[in-house]
Each structure stands twice: as structure tokens, then as C-alpha cells.
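Report on the following structure.
The values are calculated or read from the model by the stated rules, or taken from the named source; none is laboratory data. This is a predicted model, so every value here is computed, not measured. When we count neighbours, we look across all protein chains shown, and the Cβ atoms used for this are built from the backbone with ideal geometry, even at glycine. Calculation scope for accessible area: heavy atoms of the full protein, side chains included, ligands and nucleic acids excluded. Shrake-Rupley method; radii C 1.70, N 1.55, O 1.52, S 1.80 Å.
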Amino acid sequence: MKWTYNWLKQYLDTNLSPDQIADKLTSIGLEVEDLYIPILPIAAKIVECVPHENSDHLHVLKVDDGSGTLRQVVCGAPNARVGLVSALAIPGCKIGDIEIQPGKLRGVESNGMMCSAKELGLSEDHTGIIELDETKEVIGQPISALSETGSAVFDTSITPNRPDYLSVRGIALDLSAASAGIYKAEHLSDLDLLNGSRSVHVLAEAECPTYRFCEIHGIKNTTSDKKIASCLIGAGINPKNAAVDATNYICYDMAQPMHCFDADKVIGDITVRLAKEGESFKDLFGSEHTLTNKDLVITDDEGILALAGVIGGQRASTTMDTKNIILESAYFDPVTVRKTSKRIGVSTDSSYRYERGINPSISGEALANAVKIITSVCGGAVVNVACCGRDNYSPNKVSYKPELFAKKTGLQMEEQVQLDILNKLQFNVQKEKDGTWMITPNPSRVDIQIAENIVSELIRIYGYEKIGFSSYPENTINVSHNDMNLPLKEKLANRGLNESASFGFGNSKIETMLSDKPIIKIANPITIDLDTARNTLLENLLIAVSNNEKRGFSD
């Protein structure tokens, strides 16, 4: 999942740099695969401007870039003059798809490029270099107009057990628990129900416990504001229009997938049901799918509008000409979404989240946020708000005793420290008379099911680096592997013998040749070549020798 540093700072008050944030995330369990920190154009002041000796329109500039040493830049802008503060792209900075490099222009060294507003993507003005307000800029720092678009981009690897990490707010909350800043997310109240001309009917409550929609009329669909657009671009999503962008933004911001329908193309009420066997559906991209009676669909009086939790349909898609919209915010069963997504071979940001289990309690708040974003840019009036199914949920509770932490980790952690960490993670703790804690996890933490999950949360926030072998109580260490005579193994190795350790699985074809024992097939093998339980050590030893021979290792 990709997201930007500026986006994170909407919900985390922190002084840590992007590099420090990346280190902290990796230490608490979210692996940062890549961190891209762009080199942005900076504010620079022209202190010298002379004509180029080999050109009738170029100038040779000396600019103050805040480094203490004047930088020479060749520039052809007609408005270049002494005293002007403009934007300087230094070597390494990217302008569009071009990376600025030092070089010579007509025989004169140029160590950067002065930029126009069009080159910066701020307007269509290309008549000269941009003229900045000196009182609003800091020489040598990125220009203020690019503060939203030039943020560092994180690319993180999400494990299946942490769907809360599929939201920027979830990442911010975890960082705050790890003392990387203060969590500051604003929470909106659910929209009040408002009867309109259409309603929603859920005919498959097990597959769709909650379905909400809001109908907005009279919008003027346009491009999103720079803040939303820059967040989406950083996440690798091309902005389309304000209505659709708002749903994509909420998907990454809160991990609540949403969908936007053109209300004028929706005929009658909305019904959530299981598809009929053999029913046909055309998705947003024009692909036809034949459905089964296990697929959950969103329909109107004329047929299917969307495959629930997977992908929208072509018929009611939103365009720049759309005037009236219907916003969908729902909770769909993870197993149902996963089976449909895998069967038709379509994976989307929406299905990726639903498959792992989203927060069952935020569909209302997410809907309110999307309405706020859209109406602030596009105008319009809310004419209908409906909810069908469960309006609340029964949170999971975990029974836990503080002394379990020492038994499982070998570390002593005071009860108050444990309580503080759980509170920062927004886990509710109720203390029972017998010393047991009844813990209600944050609803986004659908992975918290047993007491050992609580221990895992405590140790990752407290710090894995604090675990040491010397701190383990003797009765918690399995020392069977230390019973081997290591000096004897060393002597055998010194005499030219090798030890081979391999998987406990085998290849059924080779096992048949080497062993008369029954072949026990594995239902879900880790690779196609290891499809059976191993009956003999000989097979994998021969495979190791064979692989070494193929690679030129004859020993």
C-alpha cells in the first residue's frame, strides 16, 4: 500500500522525518518496502543576471539557493531579473518526466533550471519563470505552492492479519501508540436518516449485514482539490473526478471501500441479493462475467449495478456530466467477496480490503466523510439517507491476565505499562475482581481473537529488541536442540562430511520410486514439487546433490 507523509500528518502530530517514520514502522511490524523522497524545486533569488555571450535570448544567472554559495544557471525566460524570487530545480529534481542534470548550454555551465508555473503544474502560464512572493517563501526551501504535492511516498507491505494497516488513520494510530507522535483524527457523526424517493432492501443479511447509501442531487462534478488529488497520486491512483475521487480517498484513508453511482441511471430501489445462477454482469471496464448463486450483487429494477465489494458496473458509472449521485457504504462478508474475486479473476482496492475484514463499525462515519468532501467541492444537497441491516455490531472481547505476558515472553512488564499501551491502541480494558482483564479491541483490529494476540500487541509496541535469551525463565526454554554433541558434529564436518536439512515434504513421483510406503498427498502444498508427506530422507538429499551438480558445485 502506498501513502504520503503529508497524508499521515493529517492524523499524526509528529516531528519525525520520513526516514525515522519508516524505521519506526518496520520495528513495530509494518515493513516499509520503499520510501521515495522527492527533490522539490526550491525558492531561489536572482542576484546577478547577464546576457549569454553566445545567445541573443539566454541569460546567465547567479542565484542564491540558501547554500551560502551562489549557483550558476542559464535561463531563457524574458522576465529573469535581479531581485526576482523564483523556483529553482536543482540536479536530481524531476520536472515532469525529465530529471534535471548539470550541463552546458551553448558552452556555459548551468547547474539547475529556473521553472515556469506550467512546468511546476501550478497553471498553464509558460510566458516566463514563476514570480514568487518573497515574504511567503524561504530561500533554499521547497516553494510553498508544492507543499501538498511534493510529499515523501511510503510503500508498505501489508500482512493478511493486519487490515487496519490498509488505512492511513490505522497507521497513524499505531505510530502514536509507539510514541512516534500524537493521534489527532477528527471523527464525524453518522448522517441522520432522511426518507427520499428510493429505499434499500437487503435480501442476503448473512453476506451483507449493513448497507447504507446517501443520495445527493444538484452537484457540479469537477476535479478534486489539490489535497485530495495529491494524496491519490501518491497512492498510485489517477484522479478522475471529485465524486469518484472521494470514494477512493475514503478507501485508503479509513479502509472503508465505497462506490458512487449516477443516480439518474439507477431505476427504482436498491436491492442487495445473491445473483441468479448464470446471470450476466458487465463491469466498469466492459468485461462480461457469468455469475453464480454464491455471488453477492447490488441491483435496481433493471438489473445488476455492481458486484458487491469487488467492482462496479458500467451502466450506472459516474462521469464529469453526472448531476445526481448515490454513495454506497456497506459491510460485506469477507469470504463471499474473496470467493467472487478469485473466481472471476478481478482484484480491486475494494476487494483487497473486504477480503481481509474491514472495521464493521465505520460505514456511517465513512459515508459522512465522503459527503463532506464531495459537497465542499461540487455543491449539491442531500435528499436521501438510508440504512438497512445492522446499525451496530457486537465487539469481540478477549479474556487476558497481565501475568501471561511474562509467561510468554520472559519479560517483566508492569500492569500500568501494559494498560497504557492498550489504551493508546484504543483497546477498552475492564478489570474483573479475579484480576482478569476483559479487553475489547479497537473495532478495526479484527485480528485480535485470543489472549496471545494481546501479548503480541504489547511486545511489538514495547520493543522486540528488549527480548533477550538471558531474560527467559529456565522452564520456558525448549533446550532439546542443545542436547546434540556439537563438538562431534564439528569433527565430522572437518573430515569432509556435510549435514543436510530439508523440508518435511516430498515429490510424489520421486517418493513412488524410492519408497513402498503409502503416498499421503498434501491438500495445499507450498510448491507443486512438494506435494506429499516425506517417507524417506533419501529423496531430498538426492535433489540437493542434483541441484548442486546443475550449479557446478561438485562437492
Q. Given only helices, namely DSSP H runs of n ≥ 4 each adding -39500 (n - 2.57), what is the per-residue ellipticity at 222 nm of the chain, to the nearest 500 deg cm²/dmol?
A. -7500 deg cm²/dmol
Q) What FRET efficiency would be calculated for the residue pair LEU541, GLU31, taking the C-beta separation as r and a Förster radius of 35 Å, to the nearest 0.05? A) 0.50
Q.
Please list, by residue number, every one of the GluC sites (Glu not before Pro) in region 339-441 that is coil in DSSP and has at most 15 other beta-carbon atoms within 10 Å.
A. GLU403, GLU414, GLU432
Q: Output ³J(HN,Hα) for region 188-201: one whole-Hz value per residue in order, computed from phi by the Karplus curve 6.51 cos²θ - 1.76 cosθ + 1.60 with θ = phi - 60°, and x for Gly and Pro.
A: 9, 6, 4, 5, 5, 4, 9, 5, x, 7, 9, 9, 10, 10
Q.
Just to compare against my own numbers: the Cα pair-distance distribution for region 203-281, 10 Å bins, whole % per bin, please.
A. 14, 38, 32, 16, 1
Q.
Please report the spacing between the Cα centers of region 57-132 and region 213-272 in Å, no decimals.
A. 38
**Q.** Solvent exposure ordering (accessible area, 1.4 Å, most first) of CYS49, CYS231
**A.** CYS49, CYS231
Q: Whenever you get a sec, line up TYR464, TYR5 from highest to lowest accessible area (probe 1.4 Å, protein heavy atoms).
A: TYR464, TYR5
Q: Enumerate by residue number the chymotrypsin sites (Phe, Trp or Tyr not before Pro) in region 487-555 meeting two conditions: DSSP loop (anything except H, G, I, E, B), and at most 12 other Cβ atoms within 10 Å of the site's Cβ.
A: PHE503, PHE553
Q.
Between region 338-384 and region 274-314, what is the separation of their alpha carbon centroids in Å?
A. 17
(Q) How large is the accessible surface of LYS220 in square angstrom, using a 1.4 angstrom probe and rounding to the nearest 10? (A) 150
Q) Between (i) 3, 13, 18, 19, 18, 15, 10, 4, 0, 0; (ii) 3, 16, 25, 26, 18, 9, 3, 0, 0; (iii) 3, 13, 19, 18, 14, 13, 11, 7, 2, 0, 0, which matches P(r) over Cα pairs in 10 Å bins from 0, in percent calculated for the structure shown? A) (i)
Q. Within a Cβ distance under 10 Å of PHE261, other residues only, what is the Lys/Arg minus Asp/Glu net charge?
A. -3
Q: Give me the number: length gained by fully extending HIS57 to VAL335, i.e. 0.36 nm times residue separation minus the C-alpha to C-alpha distance, one decimal in nm.
A: 93.4 nm
Q: Determine the share of the chain's accessible area contributed by carbon and sulfur atoms, expressed in whole percent, with a 1.4 angstrom probe.
A: 51
Q: Send over a whole-number figure in Å² for the accessible area per residue of the chain, probe 1.4 Å.
A: 52
Q) So which GluC sites (Glu not before Pro) in region 493-540 pass both tests, a DSSP loop state and at most 16 other Cβ atoms within 10 Å of the Cβ? A) GLU499
(Q) Helix check for the chain. Which DSSP H runs span at least 24 Å along their own axis by Cα, with a mean Kyte-Doolittle hydropathy no less than 1.6? (A) none
Q.
For the pair ILE520/THR223, report the inter-label distance in nm, with labels modelled 7 Å from Cα in the Cβ direction.
A. 6.4
Q. For PHE285 and MET438 in one chain, what is 0.36 nm times their gap in residues minus the Cα-Cα distance, to one decimal in nm?
A. 50.3 nm
